[in-house]
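Below is one structure, written out as structure tokens; comments come after it.
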């Protein structure tokens with residue numbers, strides 16, 4: 001898998017619009033990923049983020065917040081402390097201090113109206129695990145590099161083709177393991193047969 005390939009995942013959990021002392025607040029909060037929650041990505045697999053998947057990344061990543069994954073529509077940044085991202089017992093918690101810009105005001109209005117339906121993340125997979133014993137296959141992401149979070153109106157699962165290549169690689173590895181195991185069993189049987197024949201001749 002190329003290090004430059006980015007996947008996007010979304011959760012449909014209402015983004016919280018926060019008021020401060022009765023005044024309209026520019027802060028919004030929500031979850032961009034929920035640990036242990038299975039998501040049907042496509043017909044081939046379901047996916048789940050393991051607790052701690054972003055822990056290493058959050059120590060150093062300068063994550064950005066965008067409107068709809070559009071890099072030209074910046075809403076916050078971790079380094080500037082206008083975006084705060086942390087892991088808690090539930091998942092990846094996000095809080096954004098929306099800017100007093102057109103996009104910031106639009107985002108606040110759409111969230112207040114209930115038109116915004118969730119948050120999304122952009123990430124690169126560092127370590128995942130596939131369980132092909134069930135159908136569809138289960139992909140567990142144990143570690144990921146978090147690149148960005150987005151407020152989105154229509155949560156979607158982009159980057160599915162990237163994950164499917166990872167699934168193909170896992171299937172190929174499983175076939176190789178099965179082949180090697182079968183070859184060992186055949187080798188053991190041949191060795192046992194030869195030993196038995198030699199003993200019978202003796």
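The values are calculated or read from the model by the stated rules, or taken from the named source; none is laboratory data. Here the structure is a predicted model, which is why all the values come from computation and not from measurement. Note: ideal-geometry Cβ built from the backbone for every residue, glycine included; neighbour counts use all protein chains shown.
Figures for the structure shown
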| quantity | calculated |
| --- | --- |
| Residues within segment 15-57 that are surrounded by 17 or more Cβ atoms within 10 Å (Cβ to Cβ), outside any strand (DSSP E or B) and modelled with pLDDT under 90, tallied | 3 |
| Residue match in segment 85-92 (condition: farther than 19 Å from residue 127 by Cβ, buried (at least 20 other Cβ atoms within 10 Å of the Cβ), in contact with a strand residue (DSSP E or B) (Cβ under 7 Å, 6 or more places away or on another chain) and modelled with pLDDT under 95) | no |
| Residue tally, condition free of Cβ contacts under 8 Å to residues at least 60 places away in the same chain and crowded, with 16+ Cβ neighbours inside 10 Å, over segment 107-125 | 1 |
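Listed here are the residues, each with its yes/no results for (1) modelled with pLDDT of 90 or more; (2) assigned to a helix (DSSP H, G or I); (3) within 26 Å of residue 6 (Cα to Cα); (4) over 24 Å from the mean Cα position of the chain (by Cα).
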| residue | (1), (2), (3), (4) |
| --- | --- |
| 106 | yes, yes, no, yes |
| 112 | no, yes, no, yes |
| 138 | yes, no, yes, no |
| 143 | yes, no, yes, no |
| 190 | no, yes, no, yes |
| 193 | no, yes, no, yes |
